[in-house]
Amino acid sequence: IVHLFRVLKEHQEPLHPSLPARLQYSTDVARSRGGVLDAYSERVAGQLRQACWTELLAIVKRHRLCPAAPTATELAPFAILLALESGITIESVMGLHIDCLQHAARDYVSLEYFKGRARGHEWQHEWVLNHGKCAPGLIVRLVIEITAPTRQPLASADLWRYQGQAARGIATLT
């Protein structure tokens, strides 16, 4: 923004009438969020949350009626919603284990995850909601429930298990 003003001053160009209002909006929005920039706008994130939640409920209902190993496509809404609700990167979400929920306290639970780029502090904990619509604790428990048929024969601790998956880990889910 400073560079823009310098160029305009140097060339003695007048500001476009809408520019001050746009700059004011941009700086107000950044300030109101505490300087944290989300990957998606609130509108897009809200639409993603709603679509994932709707799909998640249908998948859980289907698996409760007829228990079977989920497909990778069926697990995608769980992973996306968990990343959106917890604020944890998708890479860290994909590395979760079934014992990642620890130390439940009231409505919260500690979510333990591995963050590969945190040199020396790779294992991290995030306090997340444990109950209620879209709560990360609930999402993890639902994933454990629907992936149980794939975990039993292999005794795997990986959270993300799906039909036809090789014995070791998940390369990509989405």
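The values are calculated or read from the model by the stated rules, or taken from the named source; none is laboratory data. What you see is a predicted model; the values in this text were computed from it and never measured. Here the Cβ is made from the backbone with ideal geometry for all residues, glycine too, and neighbour counts use every protein chain on show. Side chains are part of the model used for accessible areas, which takes the heavy atoms of the whole protein and leaves out ligands, DNA and RNA. Shrake-Rupley method; radii C 1.70, N 1.55, O 1.52, S 1.80 Å.
Residue 138 exposes around 40 Å² of accessible area when a 1.4 Å probe is run over every protein chain in place.
Per residue, segment 52-123 exposes an accessible area of 57 Å² to a 1.4 Å probe, with every protein chain left in place. When the solvent-accessible area of segment 68-133 is split by element, carbon and sulfur atoms take up 53 percent of it, the probe being 1.4 Å. On the beta carbon distance between residue 102 and residue 12, with R0 = 45 Å, the FRET formula returns roughly 0.10. Residues 115, 9, sorted by accessible area with the largest first, give 9, 115 [1.4 Å probe; ligands and nucleic acids excluded]. Under 29 Å of direct C-alpha separation, and excluding same-chain neighbours fewer than eight residues apart, residue 115 reaches these lysines: 133. When 127, 160, 53 are compared by accessible area at a 1.4 angstrom probe, the order from most to least is 127, 53, 160. Once the C-beta distance of residue 124 and residue 66 is scaled by a Förster radius of 45 Å, the resulting FRET efficiency is 0.75 to the nearest 0.05.
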